[in-house]
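**Q** Input: one structure, supplied below.
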Amino acid sequence: MPLQDDDEICFCFHVKLRKIRSFCRIEQPKVASQISECLSAGTGCGWCRPMLRKIHQQECQVEEPWWRKIKDDEVDYHSTEREAEAAAVEHSDYAAGRQKYLKETGRTPPADGAR
Ligand code: FES
């Protein structure tokens, strides 16, 4: 089953797909990086940033100018789960991909109680 509204997209800050979609519909952020204003989504380990950009494109139907795109991290990390559309990835695969990402990149979630 593809990602559902109650599935977490940003594990670091426990931000669900529904919250991100609502934020995009209501606030109409001009660039995907503004989604960080929604409960800090995307500001932790960085795993969810490609998904946030895809959701932003879908919900706001804007193409970010090349000079505003979020840098994907210092680490050039690619995986099927990370680059999938929300409708094309199982939540368990998305979550497992993030665990692999943390292990392989050495990145860590924020220490302030988020995971
Ligand atoms: S999962 Fe979103 S920043 Fe870590």
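The values are calculated or read from the model by the stated rules, or taken from the named source; none is laboratory data. Here the structure is a predicted model, which is why all the values come from computation and not from measurement. Here the Cβ positions follow ideal geometry from the backbone for every residue, glycine too, while neighbour counts run over all protein chains shown.
**Q** What are the residues in the stretch 11-58 that are polar (S, T, N, Q), without any contact (Cβ under 8 Å) to a residue 24 or more places away in the chain and within 22 Å of Ala111 (Cα to Cα), if any?
**A** The one that is polar (S, T, N, Q), without any contact (Cβ under 8 Å) to a residue 24 or more places away in the chain and within 22 Å of Ala111 (Cα to Cα): Ser36.
**Q** On to the next question. May I ask you to verify whether Asp93 is charged (D, E, K, R), within 20 Å of Phe13 (Cα to Cα) and at pLDDT 95 or above? Explain how you work it out, then say what you get.
**A** Working: charged (D, E, K, R): yes; within 20 Å of Phe13 (Cα to Cα): yes; at pLDDT 95 or above: yes.
Considered against the rule, which asks whether it is charged (D, E, K, R), within 20 Å of Phe13 (Cα to Cα) and at pLDDT 95 or above, Asp93 comes out as yes.
**Q** Restricting to the stretch 5-29, and then to whatever is assigned to a strand (DSSP E or B) and of a type in the set (D, E, K, R), can you tell me which residue is farthest from Cys60 (Cα to Cα)? Spell out the reasoning first.
**A** First, the residues of the stretch 5-29 that are assigned to a strand (DSSP E or B): 8-10, 15-16.
Remaining after also requiring of a type in the set (D, E, K, R): 8, 16.
Working: Glu8: 20, Lys16: 17 Å.
Residue satisfying both the conditions and the ranking: Glu8.
**Q** Can I ask one more? Could you tell me which of the residues Glu83, Glu63 is at pLDDT below 95, part of a loop (DSSP other than H, G, I, E, B) and within 11 Å of the chain's Cα centre (by Cα)?
**A** Glu83
**Q** Turning to a different aspect of this structure: In the stretch 30-39, is there at least one residue being at pLDDT 90 or above, part of a loop (DSSP other than H, G, I, E, B) and within 15 Å of the ligand (Cβ to nearest atom)?
**A** Yes - at least one qualifying residue is present in the stretch 30-39.
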